[in-house]
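What follows is a single structure, written as structure tokens, with notes after it.
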Amino acid sequence: MSQTLHIDPVTRVEGHLSIQVDVTDGAVSQAWSVGESFRGFEAILIGRSPLDAQQVTQRICGVCPVEHGIASVLAQDQAYGLTPPDNGRLLRNIMEAANFIQSHILHFYTLSAIDFIDIAAVLNYQGSDGGLSYLKGWIKSQLNSTSYYPVAPFLPRYDAQYLDSLDLNCAILRNYLRALEARTDASKLCALFGGKLPHVASLVPGGATQKVDERQIQEGLILIRRLRDFVDNAYIPDVKSVAKAFPSYFNLGRGCEAFLAYGVFPEDNAGNQLLPRGVLNDWALETMDPATITEDVMYSWFSSGSHLHPSVGETVAAPDKAGAYSWVKAPRYDGEVMEVGPLARVLVNYAANSNAKLKALVDGLLAELGRPLTDLASVMGRHAARALECKVIADRVEDWLNTLVPVQDGYVAFTIPASGQGVGLTEAARGALGHWLQISNSVVSRYQCVVPTTWNTSPRDDLGQPGPIEQALVGTPIADPANPIEAVRVVRSFDPCLSCAVH
């Protein structure tokens, strides 16, 4: 017997995401991922100064604005022939890393951990445990609220199996409160060198405009050390606890099992990166070739040409297009479906043996959980990869702060050419991010963004291949069609951001 379920909207994701699944004999047999809005940032940029791009594109997302700014200035660096000085490179790394850290913490505690915590058990707990009593009071006050958005993000809530340990429920909720403070620290760290957040002001072609002093460096060190403590003593232990309590989720949400990473955090001007670029296909590492990236639109509400490389890509909305079902395009790498994100970065790094520290963390986690590497391609694997990556990045930020040279310029002078083109490939917290820029008569004549959630929430392509989340949902058991939390847990493990995907 088959039944169609509509999860619309999928709550606790950024933007408007709808998921439709066919459930046959208690498991998902087909899935459709639907982006429900259109924004048009690429069209907005046409005819504007290229210098507007790093500011306009940061408005694509309030969670990961810095990454869009970085991608934009990288495209302009290439178009103008610029190489940032060391301070500029380090400042970009620090700001982008701070944005990664806050986003990873946000994803686990605010957007995903709530799917595993027994809120009712905590509310009924009569003891007093630090800030937990405050959190209980806040939840209860929201339950009685007449506001339009009561108890966000705790409601709406599925009736499902949650953590059965009261101590563990209380501990993770206590860290939920601490996570709010940690995210504030990460945002302060970014704003310290970006002027403000969201939408930092100091990113420019050729580097970053902030001329740091010793005080800023010391303030940055204080913030990153607090963040490192939170990651080491709260975030990673909590992810491990949830993983041990829900081992079946290492077998759910496997998806396409092909992974793409553009690489991020340059360590020099010779192409070395903290997290390298690459493609993992059939669990074998391949060199990444950006020339093979295309976007299909057969099932997207666009009349643009299909299977175009982003450098010649088009954004022509067609809301009445027959047969389409999403405002998200379908990016493909050499015609293949690719998952992007922390899991992709961790697996590419592992295969490349590029960052020994991250590889050792992965090996330690797998040994502790008694799992093979291939089990990371799963719901729990995505959460674990995100946490381990967060530690490696946070640890490295302290080194970058200590390498900054006070009062030294962080950018080089430039002139906007009459014509030119460039591509900015980096990583956002959620995965591979690319901006393609073309300049004519000193203004933007073409601009295309292919963002992480465009990859992960993509609809079927011209060949009918489902996107990564659509594939990951297939086979997911649904115990109660009225409470499809299993499907929602799969979707949220990707940390989708529809605001970015439909840009």
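The values are calculated or read from the model by the stated rules, or taken from the named source; none is laboratory data. Just so we're clear, the structure is a prediction, and the values are computed from it rather than from any experiment. Here Cβ is always computed from backbone atoms with ideal geometry, including for glycine, and neighbour counts include all displayed protein chains. Just the protein is used for accessible areas: all its heavy atoms, side chains included, with ligands, DNA and RNA removed. Shrake-Rupley method; radii C 1.70, N 1.55, O 1.52, S 1.80 Å.
Number of residues in the range 56-67 that are within 12 Å of residue 187 (Cβ to Cβ) and either among the basic types (Lys, Arg) or open to solvent by 10 Å² or more (accessible area, probe 1.4 Å) (or both) equals 2. The residues of the range 8-55 that are among the aliphatic types (A, V, I, L, M) and either part of a loop (DSSP other than H, G, I, E, B) or buried (at least 20 other Cβ atoms within 10 Å of the Cβ) (or both), listed by number, are 10, 13, 17, 19, 21, 23, 28, 31, 34, 45, 46, 53. The condition of being acidic (Asp, Glu) and surrounded by fewer than 21 Cβ atoms within 10 Å (Cβ to Cβ) does not hold for residue 495.
Let's see how each residue does on (1) β-branched (Val, Ile, Thr); (2) part of a helix (DSSP H, G or I); (3) over 30 Å from residue 54 (Cβ atoms); (4) at pLDDT 95 or above:
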| position | (1), (2), (3), (4) |
| --- | --- |
| 177 | no, yes, yes, no |
| 198 | no, no, no, no |
| 211 | no, no, no, no |
| 216 | no, yes, no, yes |
| 237 | no, yes, yes, yes |
| 242 | yes, yes, yes, yes |
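Taking the stated definitions as given, is residue 253 at pLDDT 95 or above and over 30 Å from residue 381 (Cα atoms)? Considered against the rule, which asks whether it is at pLDDT 95 or above and over 30 Å from residue 381 (Cα atoms), residue 253 comes out as no. Figure legend. Inter-residue proximity from the range 367-383: first residues farther than 23 Å from residue 496 by Cβ and part of a loop (DSSP other than H, G, I, E, B), second residues open to solvent by less than 60 Å² (accessible area, probe 1.4 Å) and of a type in the set (Phe, Trp, Tyr), beta-carbon distance below 7 Å, spacing 6+ or different chains. Indicated pairs: 371/250.
Working only within the range 68-101, note down all residues that are of a type in the set (S, T, N, Q), part of a helix (DSSP H, G or I) and open to solvent by 10 Å² or more (accessible area, probe 1.4 Å). If you could, list the steps in order and put the result at the bottom.
Going through the range 68-101, the residues of a type in the set (S, T, N, Q) turn out to be 72, 76, 78, 83, 87, 93, 99.
Filter once more, so that each one left must be part of a helix (DSSP H, G or I): 72, 76, 78, 87, 93, 99.
Listed by number, the list holds a single entry, 78.
Residues in the range 161-179 that are open to solvent by 70 Å² or more (accessible area, probe 1.4 Å) and in contact (Cβ under 8 Å) with a residue 40 or more places away in the chain were compared, and the one that is farthest from residue 101 (Cα to Cα) is 164. Counting only strands (runs of 3 or more DSSP E) that sit completely within the range 245-299, those holding 1 or more residues that are more than 22 Å from residue 451 (Cβ to Cβ) correspond to 284-286. Residues that are acidic (Asp, Glu) and either within 19 Å of the chain's Cα centre (by Cα) or modelled with pLDDT under 95 (or both) within the range 430-478 comprise just one, 470.
Check whether at least one residue in the range 424-440 is without any contact (Cβ under 8 Å) to a residue 24 or more places away in the chain and of a type outside the set (Lys, Arg), and report yes or no. Yes: one or more hits. Any residue that is open to solvent by 10 Å² or more (accessible area, probe 1.4 Å), touching a helix residue (DSSP H, G or I) at 6+ places or on another chain (Cβ under 7 Å), under 24 Å from residue 273 (Cα atoms) and assigned to a helix (DSSP H, G or I) - is there at least one of those in the range 334-350? Scanning the range 334-350, I find at least one residue that is open to solvent by 10 Å² or more (accessible area, probe 1.4 Å), touching a helix residue (DSSP H, G or I) at 6+ places or on another chain (Cβ under 7 Å), under 24 Å from residue 273 (Cα atoms) and assigned to a helix (DSSP H, G or I), so the answer is yes. In a residue-by-residue description of the range 458-478, the property of being open to solvent by 30 Å² or more (accessible area, probe 1.4 Å), under 18 Å from residue 302 (Cα atoms) and touching a His at 6+ places or on another chain (Cβ under 8 Å) applies to at least one position.
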